[in-house]
Each structure stands twice: as structure tokens, then as C-alpha cells.
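Undergrad: Following this message is one structure expressed as C-alpha cells.
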Amino acid sequence: MLKDRTMAKARKSKSPADTPVSPTIRPGNERLLLGWAGLTIVLACILIYAQTASHDFVRLDDTMYLHENPNVNSGLTWANVRWALTSAGYYYWQPLTWISHMIDVQLFGLRAGPHHVVNLVWHCLNAVLLLLALHRLTGTLWRSAIAAALFAVHPLRVESVAWIAERKDVLSGFFWMLTLLAYASYARRPAANRLRLATVLFGLGLMSKPSVVTLPFILVLLDYWPLRRWRDFAGCKAMLMEKTPMLVLAGIVSFITFAGQRKMGAIVSLEALPIYFRVWNGLVSYMRYLGKMFWPSGLGVMYPFGKIPPGTLFAAIVLLAAVTALVWLRRKQCPHLIVGWLWFLGAMVPMLGLAQAGTQAMADRFTYLPMIGIAIAVSWALAALAVHFRIPLPVRAACIGLMLGILSFVSLLQTSHWKDSTTLFEHTLAVTKDNDSMLINLASVKRQAGDNARALELYEEAIRLEPAKSMVRLEAALVAFRLRKIEQARGHFNAVLAMEPNNPTALRGIADCLIAEGKKEEARRQLQQLLNLWPNDIEAKASLFLLGN
């Protein structure tokens, strides 16, 4: 491990990024201003997200995580904690997240409001901890405050905070920020116990959401700037070796996560989604995430896969290459740019879909931690520009306040779309194209609410986009039958049987259609065929009995 020289010597050669942008602040005043900055950020978060206290659960993962999970909805027990520590189901090994949900259920039951409020509390803590970590790492107040505020109020945060099932985002973010703080203390005064503390906190983050596996590499970037603990390849190698325990933990959790996802069938096969398409989608997603960071419009809960035009792929490659080349060329004058950029690129890797789990092409929640890198780059770049152009302090403050105010207002509006499942799904359909997953989810909500006519319309539209999904065909057939649209129902039942010849629900559905048309003999033969395949089908036996057989 490299031994650090004193921090004074480390900061002798300052880049323009380190140039003060305001008069020197006395230590006591700086602590006071730091407190006011943290309080302001918290109040902004409360202003945006307080409305979630009256929001409902969302009929996506909220149902799976809470209502339909007996290990969680029965509250905090030793048996449930043991399950949390040993289960790798539900996409991740995330024991601390499960335990967090159990505590909420124990305290509040299955009332959605308090669960939302807890998410808000975690996010507020994360924003304040990020402010403290950046201040400790860089020694600057206002740039750290602007970066933390950008992180806290940006509309891309809404999905992670307003969605109860994304507790894993805000909880893993909490341990990410604590790890940054602990590592800043270690870097300033190296000691084995300080590094061990950072490693333990990192491990707790992994137990909340495995996607924090990239944090050791982020710490290496921070060793380059602002900590200035290495300046060449040998120094980088030493910094990596120093973090060997973290890298080992990251490898173990990555293996557990991948194995768990394969076991529950969450990993999409290479036949269904070829590796070349995953790479293309990842490159384009980088570009789209950047676009949403700087112009946060059209935000929805699920972005579907679609065709990637060659021009779009080419534009993404050119953009990524150009920005990377620019920050590399400016690395000595503006080290914050390359650190922030590589933070964003690196922290996003686990969410690019190279080992695809789920049906989303990208998701706002994936930016929760990666966007901190962009926030750092933007904050320090704005400060450098303010110095270069000698912009008066009141003008700077007004511009920053206007930017953060606009972002907060957009976040406030975006949060309102998370009021309930219907509002969210309808909004997502309005801002995305050819989103069959959202059509199916909204149809399910409408069906459960008794609006079968609207549900059937949505199912039909989803089938038009993806005609090979047998379960959607089956749902459409059942809804059509309830509406006494017999021919439409029969068509969907037959389509299901073309894909799954022995599907008992579809076979029974055909029999029901025949009965509705008064064709009792044909229905009797259909039911007998069903019983030959499924001799224990009680509903088929009951139907035969009613037919007089």
C-alpha cells in the first residue's frame, strides 16, 4: 500500500478546478453554512416527495415484494430474518432490504403511506451524507452542496424514492455514502481500522443491492482526484490492491446474484436477446441517460426494447468517444471531469443489461448512484466557468437557484404520476411508444377493477405488438368471454393452443365457448379430451356433470 504524504504537500499543485470561487470562510462559519446547505436540501426533498405519504402501492414489484411475500408481510421474526439472509430469489440477494421492509410491516402494517415516508427519509439521509462526503473529500463547500442538491432533486430520482419496491436503491445508497465518508477519513489519516470500517460499510451496501459492486473502482477514481493519492499506473495498481477485500466481496455477491437470477429464470437467454444487441442497447442507453439528465422529460416507469437505428447507434458511439477523449485531454487541468465521467460510465455497468434480467431496455432508477459522477463534473465545471468569466456571486447564486428550482418543480410533477398504478401506467404509455409491458400491466389493473371492456382493448393492443405471448392471449380470451364476445374469445383460445397444445385453461375455454353457443356434444368431446390430458381437472369434471355426463 502507498503511504500518503501530508495533505498539504498533496495539495501544492492545484488545478484550476481547485481555485477558490468565493472568499475564504472561517471554519465555524463553514460548519454553519454546511448545516444550512444540508437543511435546505432536505427541505427541497420533503417539498417534492411529501405527497407520496398519500400514494398507494404500485402493482408491479410492490405486490411481489410485500403483499404476496409471506416472509415479509408477516413482519419481523427470526424465521423471516433467516429467510432474508439465505434467499437469493426476487432477482437479488438483498437481506438488509428485506429486513427493512419487514421492520416497516411490523411498525405500519401494509399501509402504503408510511412505507413511502421511510423511502423519503432514506433519500434525505443520502443527500446529506453525500454533501458531507464531498465536503470531506474535496474541502469545498458550495461545489459539494450544488452536486449534492443536483443528486437530491433531479427528476431521475423519483422512481427510486416514490416506488416502495425500490427501497434497495435508497438503502444501498445510504451505505454507499457512508463508505465514501469512511474512506475519506482513511485517506486523510491511513489506518487499518478505518479501511476495515469502509469495507464493512461496503459489504452492508452489497447486502442491500448488489449493483454497488462498482464502488471499489469509484474509490480508486477518488484516489486520483480529489485525494491525489496516485498519479501513474503503479499508483493505480497499488490503490486496487489496497481494496482487495472489497473486490473479493464484490465478486462473491456478483456470483450469488447471477446464480439466483438464473435459478428463478430472470436472466434473458442469448437467443431471445443476442449479446450484440445488448451491447448496442447499452451504448445507446448511455446516450439516453445523459439526455434525460440534462433534459429530464418523457420519464416513465418502464422503457421497452425497440429497434435501434444505425444512426442512433453511431451517434451514441461518437458521443461517448468524444466526451471520453475530451475529459482525457483535460484530465490535468480539470480532473473532476474525468473522475465524474468515469464514475458515471463505471457505476452504470451492472445496469446495462449485458446479463439481462427483466424486460426493460433502461430505467430511471438505474441512475441513482451513477449520476453522482455527472453531478460532480457539472458542479465543479460551473464553478470553474464562473471563475474564468468573473461572474458576480449574486448572478451565480441566481442561476444555480433557478436551475435547482426548475428541476425540483419537474420532480414534483413527476412524483404526482406515482399516485397509483393507473395514473403511473397511463402516464408511462403517454410518454413511451410500443410499450406492450405497460399495456399488459394497465389491462390487469383495469380487469381487477372490473373495467373488462377497457382491459380487453389494452390486451388487444399488446397482442398487436407482441402476438407470441400466450399468457396475454389467455387473459384476453378470458376477458372477452366474460364480455360474451364468444368468437373473439375462441380466437384467442385457439391461438394459445397453437403455442401450447395442452394448455388446460385454453382447452376448457374452448369448451365454455361451445357451451355458450349451445353446442353441447362438441363441448362434451372437448372436455373429455381435456380430462384425458388432465384427469384431475375439477372444473372440467364439474362442466361434464352439468352437461349431463
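Undergrad: Which ones in region 184-193 are closer than 17 Å to L227 by Cβ and either at pLDDT 95 or above or part of a helix (DSSP H, G or I) (or both)?
TA: Correct list: A184, S185, Y186, A187, R188.
Quick grid of which residues meet (1) surrounded by fewer than 18 Cβ atoms within 10 Å (Cβ to Cβ); (2) assigned to a helix (DSSP H, G or I); (3) small (G, A, S):
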| residue | (1), (2), (3) |
| --- | --- |
| N502 | yes, no, no |
| L507 | no, yes, no |
| L514 | no, yes, no |
| R525 | yes, yes, no |
| Q529 | yes, yes, no |
| E539 | yes, yes, no |
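Matching residues to (1) at pLDDT 95 or above; (2) over 31 Å from the mean Cα position of the chain (by Cα):
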{"site": "E461", "(1), (2)": "yes, no"}
{"site": "M471", "(1), (2)": "no, no"}
{"site": "A476", "(1), (2)": "yes, no"}
{"site": "I486", "(1), (2)": "no, yes"}
{"site": "P501", "(1), (2)": "no, yes"}
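Undergrad: List the helices (runs of 4 or more DSSP H) inside region 389-469, counting only whole elements, that have at least 2 residues being within 18 Å of D62 (Cα to Cα) and touching a residue at least 60 places away in the same chain (Cβ under 8 Å).
TA: 393-416, 421-431, 436-448
Undergrad: Sticking with this one: Which residue, of R196, R228, is at pLDDT 95 or above, out of contact with any Leu (no Cβ under 7 Å at 6 or more places or on another chain), in the same structural domain as A363 (by TED's automatic domain parsing) and over 29 Å from R365 (Cβ atoms)?
TA: None of the other options fit; the residue is R196.
Undergrad: OK, next. Does at least one position in region 237-245 carry a residue that is small (G, A, S), in the same structural domain as G373 (by TED's automatic domain parsing) and either in contact with a Ser or Thr (Cβ under 7 Å, 6 or more places away or on another chain) or on the phi > 0 side of the Ramachandran plot (or both)?
TA: No, region 237-245 has no match at all.
Undergrad: Another question about this same structure. Output the residue which, of all residues in region 76-98 that are out of contact with any Leu (no Cβ under 7 Å at 6 or more places or on another chain), part of a helix (DSSP H, G or I) and β-branched (V, I, T), is surrounded by the most Cβ atoms within 10 Å (Cβ to Cβ).
TA: V81
Undergrad: Can you tell me which residues in region 475-492 are farther than 16 Å from E461 by Cβ and touching a Ser or Thr at 6+ places or on another chain (Cβ under 9 Å)?
TA: L478
Undergrad: Report yes if L313 is assigned by TED's automatic domain parsing to the domain that holds W225, more than 23 Å from T140 (Cα to Cα) and without any contact (Cβ under 8 Å) to a residue 60 or more places away in the chain, otherwise no.
TA: Taking the combined requirement at face value, the residue satisfies it.
Undergrad: Go through region 377-422 and give me each residue that's touching a helix residue (DSSP H, G or I) at 6+ places or on another chain (Cβ under 8 Å), at pLDDT 95 or above and among the β-branched types (V, I, T).
TA: Selection gives V378, I400, V410, T415, T422.
Undergrad: Looking at (1) assigned to a loop (DSSP other than H, G, I, E, B); (2) in contact (Cβ under 8 Å) with a residue 40 or more places away in the chain, find the lone condition where G173 falls short.
TA: Among (1) assigned to a loop (DSSP other than H, G, I, E, B); (2) in contact (Cβ under 8 Å) with a residue 40 or more places away in the chain, G173 violates only (1).
Undergrad: Right, next: Name the one entry in L110, L156 that is within 21 Å of L424 (Cβ to Cβ), in a loop (DSSP other than H, G, I, E, B) and in contact (Cβ under 8 Å) with a residue 12 or more places away in the chain.
TA: None of the other options fit; the residue is L110.
Undergrad: Given region 242-351, what helices (runs of 4 or more DSSP H) lie entirely inside it while holding 2 or more residues that are surrounded by fewer than 14 Cβ atoms within 10 Å (Cβ to Cβ), modelled with pLDDT under 90 and not aromatic (F, W, Y)?
TA: Where helices (runs of 4 or more DSSP H) fall fully within region 242-351 and carry at least 2 residues being surrounded by fewer than 14 Cβ atoms within 10 Å (Cβ to Cβ), modelled with pLDDT under 90 and not aromatic (F, W, Y), they are 244-263.
Undergrad: Quick check on region 38-59. Is at least one of its residues at pLDDT below 95 and aromatic (F, W, Y)?
TA: For region 38-59, residues at pLDDT below 95 and aromatic (F, W, Y): absent.
Undergrad: Exactly one of (1) out of contact with any Ser or Thr (no Cβ under 9 Å at 6 or more places or on another chain); (2) assigned to a helix (DSSP H, G or I); (3) of a type in the set (G, A, S) is unmet by A384. Its number?
TA: (1)
Undergrad: Ok, one more. Considering (1) in a loop (DSSP other than H, G, I, E, B); (2) within 22 Å of L222 (Cα to Cα); (3) modelled with pLDDT under 95, say which one L369 fails and leave the rest.
TA: Unmet condition: (3).
Undergrad: Please work out which one of (1) in contact with a Ser or Thr (Cβ under 7 Å, 6 or more places away or on another chain); (2) within 30 Å of A112 (Cβ to Cβ); (3) of a type outside the set (A, V, I, L, M); (4) in a helix (DSSP H, G or I) is the condition S208 fails and give its number.
TA: Failed condition: (4).
Undergrad: Let me ask another. Just to be sure before I move on: is E517 at negative phi, modelled with pLDDT of 90 or more, of a type outside the set (A, V, I, L, M, F, W, C) and in the same structural domain as Y459 (by TED's automatic domain parsing) in the structure I sent?
TA: No; evaluated as a whole, the condition is false for this residue.
Undergrad: I would also like to ask the following. Say whether the condition of being farther than 15 Å from K292 by Cβ, among the charged types (D, E, K, R) and assigned by TED's automatic domain parsing to the domain that holds C334 is met by at least one residue in region 372-391.
TA: Looking through region 372-391, at least one residue is farther than 15 Å from K292 by Cβ, among the charged types (D, E, K, R) and assigned by TED's automatic domain parsing to the domain that holds C334.
The values are calculated or read from the model by the stated rules, or taken from the named source; none is laboratory data. The structure presented is a predicted model; accordingly, all values stated were derived computationally and were not measured. As a convention, Cβ positions derive from the backbone with ideal geometry for all residues, glycine included, and neighbour counts pool all protein chains shown.
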